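One structure below.
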Amino acid sequence: MPGQTKYLLDEGSMPTQWYNLLADLPVAPPPPLHPGTGGPIASDDLAPLFPRALVAQEMTGERHVDIPGPVLDVYRLWRPSPLFRARRLERALDTPAHIYYKYEGVSPVGSHKPNTAVPQAYYNAEEGVRRLTTETGAGQWGSALAFACATFGVDCEVWQVRASYDQKPYRRLMMETYGAAVHPSPSKVTEAGRAILAESPESTGSLGIAISEAVEQAAADDGTRYALGSVLNHVLLHQTVIGEEALRQFELAEETPDVLVGCTGGGSNFGGLAFPFLREKLAGRMSPVIRAVEPAACPTLTRGRYAYDFGDTAGLTPLLKMHTLGHDFVPDPIHAGGLRYHGMSPLISHLYEQGLIEAQAVAQQDCFAAGVRFARTEGIIPAPEPAHALAASIDEALRCRDSGEEKVILTALCGHAHLDLPAYGAYLSGAMQDNALSEEDLTRALADLPQVP
Ligand SMILES: *Cc1c(COP(=O)(O)O)cnc(C)c1O
(Lines give C-alpha, C1' and ligand atoms only; values in the text may rest on other atoms or scores of the structure.)
Protein backbone atom coordinates (compact mmCIF):
# COMPACT_ATOMS: atom_id res chain seq x y z
CA MET A 1 0.00 0.00 0.00
CA PRO A 2 1.46 3.42 -0.91
CA GLY A 3 2.37 5.42 2.15
CA GLN A 4 2.20 2.36 4.43
CA THR A 5 3.61 3.31 7.82
CA LYS A 6 3.22 0.24 10.07
CA TYR A 7 4.04 -3.36 9.27
CA LEU A 8 2.09 -5.55 11.68
CA LEU A 9 2.11 -9.31 12.19
CA ASP A 10 -0.83 -11.13 13.72
CA GLU A 11 -0.34 -13.20 16.85
CA GLY A 12 -0.36 -16.37 14.77
CA SER A 13 2.85 -15.31 13.00
CA MET A 14 4.78 -14.69 16.21
CA PRO A 15 8.04 -16.69 16.25
CA THR A 16 7.82 -19.86 18.37
CA GLN A 17 11.61 -20.36 18.60
CA TRP A 18 14.56 -18.23 19.64
CA TYR A 19 17.62 -18.21 17.38
CA ASN A 20 21.08 -19.11 18.64
CA LEU A 21 23.77 -17.36 16.59
CA LEU A 22 26.50 -19.58 18.12
CA ALA A 23 25.33 -22.40 15.86
CA ASP A 24 26.27 -20.45 12.74
CA LEU A 25 29.46 -18.62 13.72
CA PRO A 26 32.54 -19.50 11.64
CA VAL A 27 34.78 -19.12 14.74
CA ALA A 28 33.56 -19.90 18.29
CA PRO A 29 33.98 -17.16 20.91
CA PRO A 30 36.45 -17.75 23.81
CA PRO A 31 34.73 -19.47 26.79
CA PRO A 32 34.07 -17.86 30.19
CA LEU A 33 36.78 -18.84 32.71
CA HIS A 34 36.64 -19.83 36.36
CA PRO A 35 38.48 -17.07 38.26
CA GLY A 36 40.06 -19.61 40.65
CA THR A 37 41.32 -22.28 38.25
CA GLY A 38 41.60 -20.31 35.02
CA GLY A 39 39.85 -23.20 33.23
CA PRO A 40 36.56 -22.92 31.32
CA ILE A 41 33.57 -22.83 33.69
CA ALA A 42 31.30 -25.86 33.97
CA SER A 43 27.50 -25.94 34.33
CA ASP A 44 27.91 -26.71 38.06
CA ASP A 45 29.76 -23.43 38.60
CA LEU A 46 26.69 -21.52 37.43
CA ALA A 47 24.12 -23.65 39.28
CA PRO A 48 24.06 -21.52 42.47
CA LEU A 49 23.14 -18.47 40.36
CA PHE A 50 20.89 -19.66 37.53
CA PRO A 51 18.28 -22.40 37.03
CA ARG A 52 19.38 -25.47 35.02
CA ALA A 53 17.33 -24.56 31.93
CA LEU A 54 19.07 -21.18 31.61
CA VAL A 55 22.55 -22.64 32.23
CA ALA A 56 21.81 -25.09 29.42
CA GLN A 57 20.70 -22.23 27.14
CA GLU A 58 23.84 -20.28 28.03
CA MET A 59 26.00 -23.11 26.69
CA THR A 60 23.89 -24.70 23.96
CA GLY A 61 25.05 -25.08 20.37
CA GLU A 62 21.50 -25.83 19.11
CA ARG A 63 20.45 -23.45 16.34
CA HIS A 64 16.88 -22.99 17.61
CA VAL A 65 15.34 -23.18 21.08
CA ASP A 66 11.56 -23.63 21.49
CA ILE A 67 9.77 -20.84 23.36
CA PRO A 68 7.66 -22.47 26.12
CA GLY A 69 3.87 -22.06 25.79
CA PRO A 70 3.42 -20.09 29.04
CA VAL A 71 6.10 -17.63 27.83
CA LEU A 72 4.35 -17.23 24.47
CA ASP A 73 1.13 -16.53 26.39
CA VAL A 74 2.76 -13.59 28.20
CA TYR A 75 4.56 -12.39 25.04
CA ARG A 76 1.11 -12.09 23.42
CA LEU A 77 0.31 -9.19 25.79
CA TRP A 78 2.39 -6.96 23.46
CA ARG A 79 4.06 -9.09 20.77
CA PRO A 80 4.44 -9.08 17.81
CA SER A 81 5.75 -5.54 18.10
CA PRO A 82 5.30 -3.12 15.19
CA LEU A 83 7.84 -2.23 12.51
CA PHE A 84 7.41 1.39 11.39
CA ARG A 85 8.62 3.21 8.30
CA ALA A 86 9.73 6.68 9.49
CA ARG A 87 8.26 8.53 6.52
CA ARG A 88 7.91 11.84 8.37
CA LEU A 89 11.48 11.75 9.60
CA GLU A 90 12.66 10.91 6.06
CA ARG A 91 10.81 13.96 4.71
CA ALA A 92 12.19 16.23 7.43
CA LEU A 93 15.72 15.06 6.60
CA ASP A 94 15.02 15.36 2.86
CA THR A 95 16.74 12.02 2.38
CA PRO A 96 16.17 9.36 -0.26
CA ALA A 97 16.99 6.74 2.41
CA HIS A 98 14.19 4.53 3.75
CA ILE A 99 14.28 4.51 7.55
CA TYR A 100 12.54 1.73 9.49
CA TYR A 101 12.31 1.25 13.23
CA LYS A 102 11.35 -1.83 15.20
CA TYR A 103 9.55 -0.51 18.27
CA GLU A 104 9.83 -2.38 21.58
CA GLY A 105 8.31 0.42 23.68
CA VAL A 106 4.90 -1.29 23.32
CA SER A 107 5.76 -3.75 26.13
CA PRO A 108 4.10 -3.18 29.54
CA VAL A 109 7.27 -1.60 30.95
CA GLY A 110 8.21 0.33 27.80
CA SER A 111 11.30 -1.52 26.56
CA HIS A 112 12.63 -4.78 25.10
CA LYS A 113 13.67 -6.11 28.53
CA PRO A 114 10.54 -8.26 29.19
CA ASN A 115 11.49 -10.42 26.17
CA THR A 116 14.05 -12.08 28.46
CA ALA A 117 12.61 -11.24 31.90
CA VAL A 118 9.53 -13.34 31.17
CA PRO A 119 11.36 -16.56 30.20
CA GLN A 120 13.86 -16.06 33.04
CA ALA A 121 11.07 -15.77 35.62
CA TYR A 122 9.29 -18.72 34.01
CA TYR A 123 12.28 -21.14 34.13
CA ASN A 124 13.07 -20.13 37.71
CA ALA A 125 9.46 -20.68 38.79
CA GLU A 126 9.44 -24.08 37.03
CA GLU A 127 12.48 -25.15 39.04
CA GLY A 128 10.98 -24.06 42.35
CA VAL A 129 12.97 -20.84 42.87
CA ARG A 130 11.13 -18.54 45.28
CA ARG A 131 13.07 -15.30 44.94
CA LEU A 132 15.06 -13.58 42.19
CA THR A 133 17.64 -10.85 42.80
CA THR A 134 18.93 -8.43 40.21
CA GLU A 135 20.49 -5.03 39.55
CA THR A 136 19.05 -2.20 37.52
CA GLY A 137 20.70 0.86 35.98
CA ALA A 138 18.08 2.94 34.20
CA GLY A 139 15.31 1.03 35.99
CA GLN A 140 14.12 -0.64 32.78
CA TRP A 141 15.46 -4.09 33.63
CA GLY A 142 14.28 -3.93 37.23
CA SER A 143 10.75 -3.07 36.14
CA ALA A 144 10.80 -5.80 33.50
CA LEU A 145 11.87 -8.45 36.00
CA ALA A 146 9.42 -7.17 38.61
CA PHE A 147 6.60 -7.49 36.04
CA ALA A 148 7.75 -10.96 34.95
CA CYS A 149 8.07 -12.20 38.55
CA ALA A 150 4.55 -10.97 39.31
CA THR A 151 3.34 -12.99 36.32
CA PHE A 152 4.84 -16.27 37.58
CA GLY A 153 4.53 -15.74 41.35
CA VAL A 154 8.23 -15.30 42.20
CA ASP A 155 9.52 -12.70 44.72
CA CYS A 156 11.79 -10.04 43.25
CA GLU A 157 14.50 -7.94 44.92
CA VAL A 158 16.28 -5.21 42.97
CA TRP A 159 19.47 -3.21 43.60
CA GLN A 160 19.03 0.06 41.72
CA VAL A 161 22.17 2.12 40.95
CA ARG A 162 22.13 5.05 43.40
CA ALA A 163 22.26 7.74 40.68
CA SER A 164 19.19 6.24 39.04
CA TYR A 165 17.37 5.59 42.37
CA ASP A 166 17.63 9.32 43.11
CA GLN A 167 16.91 10.54 39.56
CA LYS A 168 14.09 8.12 38.72
CA PRO A 169 11.64 7.69 41.59
CA TYR A 170 8.91 6.60 39.17
CA ARG A 171 10.89 3.57 38.04
CA ARG A 172 11.16 2.51 41.68
CA LEU A 173 7.42 3.00 42.19
CA MET A 174 6.79 0.92 39.09
CA MET A 175 8.86 -1.95 40.49
CA GLU A 176 7.09 -1.66 43.83
CA THR A 177 3.70 -1.63 42.10
CA TYR A 178 4.62 -4.98 40.53
CA GLY A 179 5.51 -6.17 44.05
CA ALA A 180 9.33 -5.96 44.05
CA ALA A 181 11.56 -4.76 46.93
CA VAL A 182 14.03 -2.08 45.81
CA HIS A 183 17.37 -1.03 47.41
CA PRO A 184 19.62 1.82 46.34
CA SER A 185 23.07 0.47 45.40
CA PRO A 186 25.58 0.55 47.05
CA SER A 187 23.39 -0.59 49.96
CA LYS A 188 24.05 -1.56 53.56
CA VAL A 189 22.27 -4.87 52.97
CA THR A 190 25.27 -6.66 51.44
CA GLU A 191 28.96 -7.07 52.19
CA ALA A 192 29.88 -5.79 48.72
CA GLY A 193 27.75 -2.68 49.26
CA ARG A 194 29.08 -2.00 52.76
CA ALA A 195 32.68 -2.28 51.49
CA ILE A 196 32.04 0.35 48.80
CA LEU A 197 30.21 2.67 51.24
CA ALA A 198 33.07 2.42 53.74
CA GLU A 199 35.45 3.74 51.07
CA SER A 200 33.14 6.21 49.33
CA PRO A 201 30.00 7.05 51.34
CA GLU A 202 28.80 9.35 48.53
CA SER A 203 29.16 6.70 45.78
CA THR A 204 26.59 7.17 42.97
CA GLY A 205 26.95 3.46 42.25
CA SER A 206 27.46 1.50 39.06
CA LEU A 207 25.97 -1.54 37.40
CA GLY A 208 29.10 -3.49 38.40
CA ILE A 209 28.51 -2.75 42.10
CA ALA A 210 24.79 -3.50 41.91
CA ILE A 211 25.53 -6.84 40.22
CA SER A 212 27.91 -7.75 43.07
CA GLU A 213 25.16 -7.07 45.61
CA ALA A 214 22.51 -9.08 43.78
CA VAL A 215 24.89 -12.00 43.09
CA GLU A 216 26.04 -12.09 46.73
CA GLN A 217 22.44 -12.39 47.95
CA ALA A 218 21.55 -15.11 45.45
CA ALA A 219 24.65 -17.20 46.21
CA ALA A 220 23.90 -17.05 49.96
CA ASP A 221 20.40 -18.57 49.81
CA ASP A 222 19.31 -21.83 48.23
CA GLY A 223 15.82 -20.68 47.29
CA THR A 224 17.16 -17.55 45.59
CA ARG A 225 18.67 -17.18 42.13
CA TYR A 226 20.03 -14.22 40.21
CA ALA A 227 18.80 -12.75 36.91
CA LEU A 228 20.86 -10.67 34.50
CA GLY A 229 19.16 -8.38 31.99
CA SER A 230 21.87 -8.27 29.33
CA VAL A 231 25.39 -9.47 28.36
CA LEU A 232 24.95 -13.27 28.63
CA ASN A 233 24.24 -15.62 25.73
CA HIS A 234 20.84 -16.76 27.02
CA VAL A 235 19.67 -13.15 27.35
CA LEU A 236 20.63 -12.35 23.76
CA LEU A 237 19.02 -15.62 22.68
CA HIS A 238 15.65 -14.56 24.16
CA GLN A 239 15.86 -11.15 22.49
CA THR A 240 16.08 -12.70 18.99
CA VAL A 241 12.27 -12.63 18.81
CA ILE A 242 12.80 -8.99 17.81
CA GLY A 243 14.90 -9.79 14.74
CA GLU A 244 12.84 -12.84 13.73
CA GLU A 245 9.70 -10.68 13.66
CA ALA A 246 11.51 -7.88 11.82
CA LEU A 247 12.64 -10.31 9.09
CA ARG A 248 8.99 -11.27 8.49
CA GLN A 249 7.95 -7.62 8.52
CA PHE A 250 10.59 -6.74 5.92
CA GLU A 251 9.06 -9.41 3.69
CA LEU A 252 5.76 -7.52 3.99
CA ALA A 253 7.55 -4.29 3.13
CA GLU A 254 9.34 -6.02 0.21
CA GLU A 255 12.70 -4.53 1.19
CA THR A 256 15.95 -5.69 2.79
CA PRO A 257 18.03 -3.49 5.08
CA ASP A 258 21.38 -2.13 3.87
CA VAL A 259 22.30 -0.77 7.29
CA LEU A 260 21.17 -2.05 10.70
CA VAL A 261 21.82 0.17 13.72
CA GLY A 262 21.30 -0.47 17.45
CA CYS A 263 22.56 0.96 20.73
CA THR A 264 24.73 -1.23 22.96
CA GLY A 265 24.84 -1.19 26.75
CA GLY A 266 25.43 -4.89 27.32
CA GLY A 267 24.34 -5.77 23.78
CA SER A 268 20.93 -7.38 24.15
CA ASN A 269 18.58 -5.17 22.12
CA PHE A 270 21.22 -4.81 19.42
CA GLY A 271 21.93 -8.56 19.34
CA GLY A 272 18.23 -9.38 19.47
CA LEU A 273 17.53 -7.38 16.34
CA ALA A 274 20.81 -8.09 14.55
CA PHE A 275 21.43 -11.84 15.02
CA PRO A 276 18.68 -13.17 12.73
CA PHE A 277 19.85 -10.68 10.07
CA LEU A 278 23.46 -11.74 10.63
CA ARG A 279 22.38 -15.35 10.07
CA GLU A 280 20.92 -14.29 6.72
CA LYS A 281 24.10 -12.38 5.93
CA LEU A 282 26.37 -15.33 6.80
CA ALA A 283 24.20 -17.50 4.54
CA GLY A 284 24.65 -15.02 1.69
CA ARG A 285 20.98 -14.03 1.48
CA MET A 286 21.49 -10.32 2.32
CA SER A 287 24.42 -8.10 3.17
CA PRO A 288 23.51 -5.36 5.64
CA VAL A 289 26.21 -3.37 7.39
CA ILE A 290 25.56 -3.94 11.12
CA ARG A 291 26.54 -1.11 13.47
CA ALA A 292 26.61 -0.89 17.29
CA VAL A 293 26.32 2.60 18.82
CA GLU A 294 27.56 3.46 22.32
CA PRO A 295 27.98 6.63 24.43
CA ALA A 296 31.26 8.56 24.25
CA ALA A 297 31.16 8.53 28.09
CA CYS A 298 31.25 4.71 28.21
CA PRO A 299 32.92 3.65 24.93
CA THR A 300 33.36 -0.05 25.60
CA LEU A 301 33.68 -1.41 22.05
CA THR A 302 35.45 1.54 20.47
CA ARG A 303 38.01 2.29 23.24
CA GLY A 304 37.89 -0.60 25.74
CA ARG A 305 40.36 -3.49 25.80
CA TYR A 306 39.41 -6.96 24.53
CA ALA A 307 40.42 -8.99 27.59
CA TYR A 308 39.16 -11.33 30.30
CA ASP A 309 37.45 -9.31 33.02
CA PHE A 310 34.86 -9.73 35.74
CA GLY A 311 31.22 -8.90 35.01
CA ASP A 312 30.90 -7.17 38.40
CA THR A 313 32.94 -4.86 40.61
CA ALA A 314 33.62 -7.23 43.53
CA GLY A 315 34.89 -10.01 41.22
CA LEU A 316 32.21 -12.60 42.07
CA THR A 317 31.33 -13.58 38.47
CA PRO A 318 33.20 -15.78 36.01
CA LEU A 319 35.83 -14.06 33.85
CA LEU A 320 34.37 -13.03 30.51
CA LYS A 321 36.40 -12.27 27.40
CA MET A 322 34.90 -8.97 26.30
CA HIS A 323 35.57 -5.36 25.48
CA THR A 324 35.89 -3.75 28.88
CA LEU A 325 36.76 -0.48 30.54
CA GLY A 326 37.76 -2.35 33.72
CA HIS A 327 35.36 -3.84 36.28
CA ASP A 328 35.76 -0.96 38.74
CA PHE A 329 35.15 1.73 36.12
CA VAL A 330 32.38 4.12 37.21
CA PRO A 331 31.19 6.12 34.20
CA ASP A 332 29.78 9.62 34.48
CA PRO A 333 26.13 9.50 35.54
CA ILE A 334 24.93 10.19 31.98
CA HIS A 335 21.22 10.10 31.24
CA ALA A 336 21.36 6.90 29.20
CA GLY A 337 21.60 4.79 32.37
CA GLY A 338 21.18 1.58 30.38
CA LEU A 339 24.43 2.21 28.50
CA ARG A 340 26.66 2.66 31.56
CA TYR A 341 28.05 -0.88 31.83
CA HIS A 342 31.85 -1.34 31.93
CA GLY A 343 31.80 -4.44 29.73
CA MET A 344 30.02 -5.82 26.67
CA SER A 345 28.38 -9.10 25.77
CA PRO A 346 31.19 -11.60 24.98
CA LEU A 347 29.25 -12.62 21.89
CA ILE A 348 28.99 -9.03 20.58
CA SER A 349 32.66 -8.43 21.47
CA HIS A 350 33.62 -11.51 19.48
CA LEU A 351 31.61 -10.35 16.45
CA TYR A 352 33.41 -7.01 16.60
CA GLU A 353 36.83 -8.72 16.78
CA GLN A 354 35.83 -10.91 13.84
CA GLY A 355 34.88 -7.87 11.76
CA LEU A 356 31.25 -8.98 11.49
CA ILE A 357 29.91 -5.76 13.03
CA GLU A 358 31.03 -2.11 13.22
CA ALA A 359 30.95 0.23 16.24
CA GLN A 360 30.62 3.96 16.76
CA ALA A 361 30.56 6.24 19.84
CA VAL A 362 28.21 9.24 20.02
CA ALA A 363 28.19 12.33 22.27
CA GLN A 364 25.28 12.77 24.66
CA GLN A 365 23.89 16.05 23.23
CA ASP A 366 23.88 14.63 19.70
CA CYS A 367 21.70 11.77 20.93
CA PHE A 368 19.18 14.09 22.53
CA ALA A 369 19.15 16.31 19.44
CA ALA A 370 18.27 13.17 17.46
CA GLY A 371 15.68 12.17 20.07
CA VAL A 372 13.96 15.56 19.86
CA ARG A 373 14.02 15.48 16.06
CA PHE A 374 12.47 12.03 16.11
CA ALA A 375 9.79 13.04 18.65
CA ARG A 376 8.79 16.09 16.59
CA THR A 377 8.37 14.05 13.40
CA GLU A 378 7.41 10.49 14.42
CA GLY A 379 5.72 11.33 17.73
CA ILE A 380 7.39 8.72 19.95
CA ILE A 381 9.86 10.20 22.46
CA PRO A 382 12.73 7.71 22.36
CA ALA A 383 14.48 6.52 25.52
CA PRO A 384 17.97 8.08 25.83
CA GLU A 385 19.57 4.71 24.96
CA PRO A 386 17.98 4.17 21.51
CA ALA A 387 18.43 7.91 20.86
CA HIS A 388 22.08 6.87 20.34
CA ALA A 389 21.02 4.54 17.55
CA LEU A 390 18.77 7.25 16.10
CA ALA A 391 21.64 9.75 16.06
CA ALA A 392 23.73 7.29 14.02
CA SER A 393 20.76 6.46 11.76
CA ILE A 394 20.09 10.13 11.07
CA ASP A 395 23.79 10.61 10.21
CA GLU A 396 23.53 7.73 7.76
CA ALA A 397 20.36 9.18 6.22
CA LEU A 398 22.03 12.59 5.84
CA ARG A 399 24.98 10.94 4.07
CA CYS A 400 22.40 9.43 1.71
CA ARG A 401 20.96 12.89 1.10
CA ASP A 402 24.43 14.06 0.03
CA SER A 403 25.24 10.99 -2.07
CA GLY A 404 21.74 10.39 -3.45
CA GLU A 405 21.83 6.74 -2.31
CA GLU A 406 18.47 5.14 -1.49
CA LYS A 407 19.70 2.99 1.40
CA VAL A 408 17.33 1.04 3.61
CA ILE A 409 18.14 1.72 7.25
CA LEU A 410 16.73 -0.37 10.12
CA THR A 411 17.08 0.87 13.67
CA ALA A 412 16.18 -0.68 17.01
CA LEU A 413 13.85 1.67 18.90
CA CYS A 414 14.08 -0.40 22.06
CA GLY A 415 12.13 1.85 24.43
CA HIS A 416 10.29 5.11 25.07
CA ALA A 417 11.27 7.93 27.42
CA HIS A 418 8.10 8.45 29.46
CA LEU A 419 10.05 7.93 32.67
CA ASP A 420 13.21 9.63 31.36
CA LEU A 421 11.74 13.05 30.68
CA PRO A 422 14.02 14.84 33.20
CA ALA A 423 16.88 13.90 30.85
CA TYR A 424 15.07 15.69 28.00
CA GLY A 425 14.53 18.57 30.42
CA ALA A 426 18.29 18.82 30.97
CA TYR A 427 18.85 18.85 27.22
CA LEU A 428 16.13 21.40 26.47
CA SER A 429 17.40 23.77 29.16
CA GLY A 430 20.89 23.70 27.62
CA ALA A 431 22.42 22.24 30.80
CA MET A 432 23.64 19.03 29.18
CA GLN A 433 27.39 18.61 28.87
CA ASP A 434 29.64 16.71 26.54
CA ASN A 435 31.24 14.14 28.80
CA ALA A 436 33.40 11.95 26.57
CA LEU A 437 35.74 9.70 28.55
CA SER A 438 39.16 11.32 28.96
CA GLU A 439 42.44 9.53 28.12
CA GLU A 440 43.52 9.76 31.81
CA ASP A 441 40.33 8.17 33.09
CA LEU A 442 40.57 5.42 30.47
CA THR A 443 44.18 4.58 31.39
CA ARG A 444 43.31 4.54 35.10
CA ALA A 445 40.30 2.29 34.53
CA LEU A 446 42.25 -0.24 32.47
CA ALA A 447 45.09 -0.51 35.00
CA ASP A 448 43.14 -2.93 37.21
CA LEU A 449 42.26 -5.71 34.77
CA PRO A 450 42.53 -9.10 36.50
CA GLN A 451 45.42 -11.50 35.86
CA VAL A 452 44.12 -14.66 34.21
CA PRO A 453 45.60 -17.62 36.15
C1 LIG B 1 18.65 -1.87 29.20
C2 LIG B 1 18.41 -1.02 28.04
C3 LIG B 1 19.44 -0.80 27.10
C4 LIG B 1 20.82 -1.36 27.23
O5 LIG B 1 20.91 -2.74 27.28
P6 LIG B 1 21.21 -3.63 26.03
O7 LIG B 1 21.39 -4.99 26.63
O8 LIG B 1 22.46 -3.14 25.38
O9 LIG B 1 20.04 -3.56 25.13
C10 LIG B 1 19.14 -0.01 26.02
N11 LIG B 1 17.93 0.55 25.86
C12 LIG B 1 16.93 0.36 26.73
C13 LIG B 1 15.60 1.02 26.47
C14 LIG B 1 17.13 -0.43 27.85
O15 LIG B 1 16.13 -0.64 28.71
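Here the 3J(HN,Hα) profile of the stretch 302-319, calculated from phi with Karplus coefficients 6.51, -1.76 and 1.60 at θ = phi - 60°, is 7, 10, x, 9, 8, 7, 6, 8, 6, x, 10, 6, 6, x, 8, 8, x, 7 Hz, Gly and Pro shown as x.
Length gained on full extension, Arg401 to Glu11: 136.7 nm, using 0.36 nm per residue less the C-alpha separation. Name the shape class, rounded, prolate or oblate, that the alpha-carbon gyration tensor gives for the stretch 414-453, where a ≥ b ≥ c are the square roots of its eigenvalues, rounded holds for a/c under 1.5, and otherwise prolate holds if a/b is larger than b/c and oblate otherwise. Oblate. Counting only Cβ charges, +1 for Lys and Arg and -1 for Asp and Glu, the dipole size of the chain around its Cα centre is about 800 debye. For the stretch 393-409, backbone phi angles converted through the Karplus equation (6.51, -1.76, 1.60; θ = phi - 60°) give residue-by-residue couplings of 5, 5, 4, 4, 5, 6, 5, 5, 4, 6, 8, x, 6, 9, 6, 9, 10 Hz, Gly and Pro being listed as x. Based on C-alpha pairs under 8 angstrom that are at least 6 apart in sequence, the stretch 145-186 has a relative contact order of 52 percent.
Put a dot 7 Å past the Cα of Ala220, heading toward its Cβ, do the same for Arg76, and the two dots end up 4.2 nm apart. Computed FRET efficiency, Cβ-Cβ of Ser43 and Arg91, R0 51 Å: what is it to the nearest 0.05? Computed FRET efficiency for Ser43 and Arg91 comes out at 0.45. Applying 1/(1 + (r/R0)^6) with r as the Cβ-Cβ distance of Arg305 and Gln365 and R0 = 35 angstrom yields a FRET efficiency of 0.80. Per residue, the average separation of C-alpha pairs within less than 8 Å and at least 6 apart gives the stretch 182-228 a relative contact order of 33 percent. Taking the Cα centre of the chain as the origin and placing charges on Cβ (Lys, Arg +1; Asp, Glu -1), which of Pro386, Val182, Leu22 is farthest toward the positive end of the dipole? Going by the charge dipole, the pick is Pro386. Computed over neighbours whose Cβ is under 9 Å from that of Asp24, the net charge equals +2, Lys and Arg +1, Asp and Glu -1. Amide H to amide H, with H built 1.01 Å from N, Ile99 comes under 5 Å of Ala86, Ile409, counting only residues 5 or more places away or on other chains. When you filter the GluC sites (Glu not before Pro) in the stretch 369-406 for DSSP loop state and at most 12 other Cβ atoms inside 10 Å of their Cβ, you are left with Glu406.
The loop-placed trypsin sites (Lys or Arg not before Pro) in the stretch 166-218, going by DSSP, that have at most 16 neighbouring Cβ atoms within 10 Å of their Cβ come out as Lys188. What shape does the chain take by its C-alpha gyration tensor, where a ≥ b ≥ c are the square roots of the eigenvalues and a/c under 1.5 counts as rounded, a/b above b/c as prolate, and the rest as oblate? Rounded shape, in that the Cα axes give a/c under 1.5. List the lysines whose alpha-carbon lies under 28 Å from that of Lys113, not counting same-chain residues fewer than 8 positions away? Counting by Cα, and skipping residues close in sequence, Lys113 has these lysines nearby: Lys6, Lys102, Lys168, Lys188, Lys281, Lys321. For the listed peptides 250-256, 209-215, a ranking on the average number of other beta carbons within 10 Å per residue, highest first, reads 209-215, 250-256.
Take the stretch 263-351 with all the other protein chains still there, run a 1.4 Å probe, and you get 23 Å² of accessible area per residue. Give, as a single signed number, the net charge of other residues whose beta carbon lies under 12 Å from the beta carbon of Arg87, with Lys and Arg counted +1 and Asp and Glu -1. That works out to +2. Heavy-atom surface analysis with a 1.4 Å probe gives the chain a carbon and sulfur content of 49 percent of its accessible area.
Over the chain, what relative contact order in percent results from Cα pairs under 8 Å that are six or more residues apart?
Working: 990 pairs, mean separation 86.8, N = 453.
Normalised by residue count, the contact order of the chain is 19 percent.
Its DSSP H runs of at least 4 residues, each contributing -39,500 (n - 2.57), put the calculated 222 nm mean residue ellipticity of the chain at -12000 deg cm²/dmol, to the nearest 500.
The values are calculated or read from the model by the stated rules, or taken from the named source; none is laboratory data. Keep in mind it's a predicted model, so treat the numbers as computed, not measured. Note: ideal-geometry Cβ built from the backbone for every residue, glycine included; neighbour counts use all protein chains shown. When the accessible area is computed, the model is the full protein with side chains, heavy atoms only, and any ligands, DNA or RNA have been set aside. Shrake-Rupley method; radii C 1.70, N 1.55, O 1.52, S 1.80 Å.
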